[in-house]
Amino acid sequence: MQLRYNVRIYPSPGQRQALAKAFGCARTVYNDALRVREQAHAGGLPYVSDAELSRRVITQAKKTPERAWLGEVSAVVLQQALADLNSAYRNFFSSLAGKRKGPRVAAPRYRSKRDRRQAVRFTRNARFQVTAGGKLRLPKIGDVDVRWSRDLPSEPSSVTVVKDAAGRYFASFVVEAGDEPLPETAGEVGIDLGLTHFAVLSDGRKIGNPRFLRRAERRLKKAQRALSRKAKGSSNREKAVVKVARAHARVADARRDFAHKLSAQIIRENQTVVVEDLCVKGLARTKLAKSVHDAGWSQFVGMLAYKAARHGRLFVRIDRWFPSSKMCSACGAVAESMPLDVRTWTCSCGAVHDRDVNAAINILAAGRAVIIELAAGRADRPNACGGTVRPAA
């Protein structure tokens, strides 16, 4: 399994200037290559091959006075910029042909130097390395200070140096991480995600919703108002932009840290984890959009999925149309309607249910049914969520 390990790096002023040069050169090569292919398409010429594109925008461009400065950075950085463009075109063509799942992918667009996030990638061909002293040695940049939080499990195949909108620098290593199976346990859990509580577990536990964005809203508004008062193009405006970006980065970091810790705890305690496949994109188009985005359900579920695969746990997603909230976990009767303001309800069989706990219990039961069907071979074609296309009666 390939994983990314992100660490904070602290380049010196000279190294920051060298990285800015690398960012600019990679962006220029990407835009030049995109322009060549667009002009060929507009002129009715054949599609420009990858080798011809590399020859035009890198090899020949370095020999011209206008692009001679491309030779001041590592050639691998320039080749990886072309690889990004080729990947974008492949995704675009696959989406047009209907071979790519998910929403349609637009054609590649030009990169702007005004983007607050910049990145370059070094592969093994660039001969980057982690020195014995723990520094990251990058070609034509030097040895960069790294703040290691943990050791890499294996030799990285590539490293991406990222400068985010808050002005921070990160090194993102791609490593091959082996499976680390945890001791087996009898625990099983169904998880109902929500807004009042971030997660309600089938054993009755309720995890509060931290609401990181809501809690930081006053500070964000203050920083945004200060930004709006600054004159465009001034240095004070640039400082205010960074201040707003740092405030948002603190929110995103806190949300990611919460999701990592909670997902690790759930995977550690349970052998089987069952969640409901939520249509986050659809919920984000309602009046609850800000709260839905603030919760970060997709990020949390994605962490559960990859941690379960790595640690030998079973992870199941049930169909989003399964009536988990309207179904009685005692008798199986399904209520006709269940408005969101109904938090406690009584079934005709006499059972009194907490809405969220009842939904979590039903999610776990549906996940068990999916596991049984898969084991029996009846569900030989599970859908993308891991369960049957239609829930059982």
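The values are calculated or read from the model by the stated rules, or taken from the named source; none is laboratory data. The structure displayed is predicted, hence computed values, not measured ones. Every residue, glycine among them, receives a Cβ derived from its backbone with ideal geometry; neighbour counts consider all protein chains shown.
One residue stands out among those in the range 155-181 that are of a type in the set (A, V, I, L, M) and closer than 25 Å to Ile267 by Cα: the one that is modelled with the lowest pLDDT, which is Ala177.
Looking at the range 346-383, which of its residues are exposed (fewer than 10 other Cβ atoms within 10 Å of the Cβ) and either part of a helix (DSSP H, G or I) or at pLDDT 90 or above (or both)? Ala375, Ala376 - these are the residues of the range 346-383 that are exposed (fewer than 10 other Cβ atoms within 10 Å of the Cβ) and either part of a helix (DSSP H, G or I) or at pLDDT 90 or above (or both). If the condition is being touching a residue at least 60 places away in the same chain (Cβ under 8 Å) and more than 26 Å from Ser291 (Cβ to Cβ), then the range 234-255 contributes Val241, Val242. Which residues, taken from the range 183-201, are among the β-branched types (Val, Ile, Thr) and surrounded by 14 or more Cβ atoms within 10 Å (Cβ to Cβ)? Hits for the range 183-201 are Val189, Ile191, Val200. With respect to Arg16, determine if the residue is within 20 Å of Phe173 (Cα to Cα) and assigned to a helix (DSSP H, G or I). Answer is yes for this residue. As a summary of the residue check, Asn209 satisfies the conditions (1) touching a residue at least 40 places away in the same chain (Cβ under 8 Å); (2) loosely packed, with under 15 Cβ neighbours inside 10 Å except for the one numbered (2).
The set of residues from the range 273-309 being touching a strand residue (DSSP E or B) at 6+ places or on another chain (Cβ under 6 Å) and more than 21 Å from Ser325 (Cβ to Cβ) comprises Ala305, Ala308. For Arg121, indicate whether it is among the basic types (Lys, Arg) and at pLDDT 95 or above. Yes; evaluated as a whole, the condition is true for this residue. Among the residues of the range 147-165, write down those that are over 21 Å from Lys21 (Cβ atoms) and either assigned to a strand (DSSP E or B) or touching a helix residue (DSSP H, G or I) at 6+ places or on another chain (Cβ under 7 Å) (or both). Arg147, Ser157, listed by residue number.
Can you confirm whether the range 93-106 contains a residue that is surrounded by 13 or more Cβ atoms within 10 Å (Cβ to Cβ), free of Cβ contacts under 8 Å to residues at least 60 places away in the same chain, among the charged types (D, E, K, R) and over 29 Å from Asp253 (Cα atoms)? Checking the range 93-106: at least one residue is surrounded by 13 or more Cβ atoms within 10 Å (Cβ to Cβ), free of Cβ contacts under 8 Å to residues at least 60 places away in the same chain, among the charged types (D, E, K, R) and over 29 Å from Asp253 (Cα atoms).
Screening the candidates Val301, Val251, Val273, Val241 for the property of being over 18 Å from the mean Cα position of the chain (by Cα), closer than 30 Å to Pro153 by Cβ and among the aliphatic types (A, V, I, L, M) yields one hit, Val273. Among residues of the range 1-39 being at pLDDT below 95 and hydrophobic (A, V, I, L, M, F, W, C), the one that is nearest to Pro153 (Cα to Cα) is Leu3. For beta carbons closer than 8 Å, sequence separation of 6+ or different chains, a first residue in the range 131-144 that is over 13 Å from Pro11 (Cβ atoms) and a second that is aromatic (Phe, Trp, Tyr) and in a loop (DSSP other than H, G, I, E, B), the qualifying pairs are Gly134/Trp148; Pro139/Phe128.
If you filter the range 67-107 down to residues that are part of a loop (DSSP other than H, G, I, E, B) and of a type in the set (Gly, Ala, Ser), you find that the one that is farthest from Arg55 (Cα to Cα) is Gly102. So which residues in the range 119-146 are closer than 25 Å to Ala83 by Cβ and not in a strand (DSSP E or B), if there are any at all? Matches in the range 119-146: Arg124, Asn125, Ala126, Arg127, Phe128, Pro139, Lys140, Ile141. Which of the residues spanning the range 117-132 are over 16 Å from Leu78 (Cβ atoms) and surrounded by fewer than 13 Cβ atoms within 10 Å (Cβ to Cβ)? Passing the criteria: Arg117, Thr131, Ala132.
Residues in the range 280-305 that are under 18 Å from Phe212 (Cα atoms), assigned to a loop (DSSP other than H, G, I, E, B) and not hydrophobic (A, V, I, L, M, F, W, C): Gly296 alone.
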